[in-house]
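Shown next, in structure tokens, is the structure this report addresses.
The values are calculated or read from the model by the stated rules, or taken from the named source; none is laboratory data. Only a predicted model underlies this, so the values are computations on that prediction, with no experimental measurement involved. Glycine also receives a Cβ, built like all others from the backbone with ideal geometry; neighbour counts cover every protein chain displayed. Ligands, DNA and RNA are stripped out before the accessible areas are found, and what is left, the full protein with its side chains, is counted by its heavy atoms. Shrake-Rupley method; radii C 1.70, N 1.55, O 1.52, S 1.80 Å.
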Amino acid sequence: MIKPEILQRAVTQGLIKPEQAGPLLDFINQQQDAELPSAQDEEQLKFVRNFGDIFITIGVAFVAISIATMDLQSWQWWLSAGCFVALAEWLVRQRRLALPGMAILLSIMYFVAQGAGLPDIDLFADQYSSIPSLLLLAGCAGAFYWRYGMPFSLLPMALSLVTIALIGLGEELLRHQWLFTLTGLVVFAVAITFDSKDRHRQLRWSDCGFWLHLLASPLIVHGVMTTLIFSDAPVLNALGNEILLIGFFIVFMLLALLVDRRAMLVSSSSYGIYAIFMLLENSLISTENLPLVVFIGFGLFIIFFGTFWYRLRSIIFRPLTGTAIARLVPDFNGK
């Protein structure tokens with residue numbers, strides 16, 4: 001955007017009249033704003049600004065890993081956690097560095113868990129013995145979010161709480177894999193709540209939604225996919241498990257398109273590739289180069305889908321404009 005001082009110098013030199021400076025400034029700025037790409041055109045990775053953030057994060061990781069490999073006493077673990085809190089005050093609260101803040105948070109959570117002397121999280125041994133550790137980790141992440149407002153903090157906090165909930169389901173979880181999907185939908189609803197507060201993706205609310213979507217997506221996909229793959233229900237077998245897998249992948253892809261979150265597709269990609277493998281193995285296609293053919297096709301699909309993301313989103317979902325759903329997601333504008 002042009003600075004008013006430039007036009008003021010033009011007035012001083014007699015190039016334009018004083019009464020023309022204001023309207024000319026507004027006109028130039030409006031034209032520039034119209035030509036600039038919108039900030040919501042892409043999912044901005046706001047947690048990394050430049051290589052300097054990565055460089056600082058590497059330094060934080062070196063220190064944290066070195067401390068973690070030491071044989072320390074309880075008070076030394078607490079002291080290490082305190083030092084990293086002080087580091088967070090400098091790097092996160094003052095300098096607003098998100099990527100180093102993520103490394104600092106994970107380090108603090110580890111140091112606090114070691115200092116508290118709680119057992120390691122082992123869901124395959126005694127599940128309920130892990131609950132105190134998970135509650136402590138959730139508390140650390142929650143306190144970090146309260147203090148620094150860093151969206152990433154919600155991911156380990158939500159992951160800890162979700163794990164506690166899944167532990168509480170016990171053996172029911174093994175018999176009913178769809179409970180993973182139910183838990184994921186709860187997290188997804190919370191993520192959409194954050195997204196609805198920042199439909200233009202300019203505030204930290206959408207960043208909070210981004211991290212929760214990363215957690216919700218694999219839970220939703222895992223529950224549905226494992227149910228379809230291992231189900232003995234006659235109805236599902238009659239329809240064909242592979243066809244249902246492909247169908248679910250398409251539905252999930254449309255859901256990611258609706259909420260404008262490409263990151264959601266990452267968790268479903270592996271299942272989609274598996275479904276394509278199963279479908280082609282049962283066909284007459286030669287299996288000699290089947291993996292390469294599948295990956296080439298999947299890669300071309302990602303290229304096409306990613307390139308025309310907003311155009312497809314506009315074509316498919318523009319009829320929803322003005323509905324209650326449209327008030328929860330970004331506008332359906334084709335780019």
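A Förster radius of 41 Å, combined with the Cβ-Cβ distance separating I325 from L72, puts the computed FRET efficiency at roughly 0.20.
Geometric descriptor of segment 152-212, per residue, is 63 Å³ (volume of the convex hull of the Cα atoms). The 1.4 Å probe gives accessible areas that order L7, L106, L136, largest first, as L106, L136, L7.
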